[in-house]
Amino acid sequence: MAAPKKSRDWLLTIPLVAYWVVLFGASLYAHFPTDRAESFFPLMVLAGLPIFIVAARAIVHPVEIESDLAYTDDLTGVANRRAFIIDAAAALKRARQASVGLIAFDVRGLKNINDQCGHQAGDELLTGVARHFENCGGKLYRIGGDEFAVLVKRADGETVSAVARVMDEPYQASFETCGHQHEIRVSYGMTSNRAGDTFEPFFRRADDMLVLHKRQAYKTGRFEDRRTDAVKAAEAATGTDGEPPRLRLLG
């Protein structure tokens, strides 16, 4: 479901009402014989239609652009957090169980790139990731920082497994900046909707699976663990296992 546009349909009446006022004024001062008047006013109406269409389009087009920008991520050009919340909530309404899927994923190493090469390099990384996953099989959203989400609607022929295959493929896209070669990896978690699901539990399950996936990657050595022993002990005591507080998007 596309993000809704702000309703300003009432603006369409302005050029139409203005033209009718002019037409009515002309009728008060027209001194044509009856037979000529009968053909004059329909022609006036037809002649005014292009004026109305052009004026209406001039009003509506900027509104559409403004509305589209409100639901687009400025950096990557994909849909943003606001669009994600609206689309996910709409997809879940009256949805059959397991008919809507969600993959939440984040990009590994963004902080290191920002620290080593600056935030412009980090922006290049996020833009490249968005391009890579934009057509992976569902609608892509950037929901904050290095975090993305893919909403999958099985009713439209999309499948979570197709997206997962793209996530599992080694993403070794060449990303070199400021003299460094950077390895790009993503962590992801996925879920499907349950009966009566609302946005909050739906998103939380995918997000929790993302955290679990990252913990397993640390344990198996897939992700390099750069934490010190003191940090590991503190995180083990709090149960965070090296994961920062997740972006819940609740509210």
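What to note about this one:
- Averaging 1/r over each pair of different alpha-carbon atoms in the range 93-189 and inverting the result gives 14.3 Å, the Kirkwood hydrodynamic radius.
- Accessible surface of the range 112-151, 1.4 Å probe, proportion on carbon and sulfur as whole %: 38
- What the Kirkwood sum gives for the range 104-157 is a hydrodynamic radius of 12.0 Å, with every pair of different alpha carbons counted.
- Computed from backbone phi with θ = phi - 60° and the Karplus coefficients 6.51, -1.76 and 1.60, the 3J(HN,Hα) list for the range 91-107 is 5, 7, 5, 6, 7, 5, 4, 6, 8, 10, x, 9, 10, 9, 8, 9, 9 Hz; x is used for glycine and proline.
- Distance violations [Cα-Cα > 30 Å] among Lys139/Lys214; Lys93/Lys219; Lys111/Lys219: Lys93/Lys219
The values are calculated or read from the model by the stated rules, or taken from the named source; none is laboratory data. Everything quoted here is computed from the prediction, not taken from an experiment. Remember, those area values only see protein heavy atoms, side chains included, never the ligands or the DNA or RNA. Shrake-Rupley method; radii C 1.70, N 1.55, O 1.52, S 1.80 Å.
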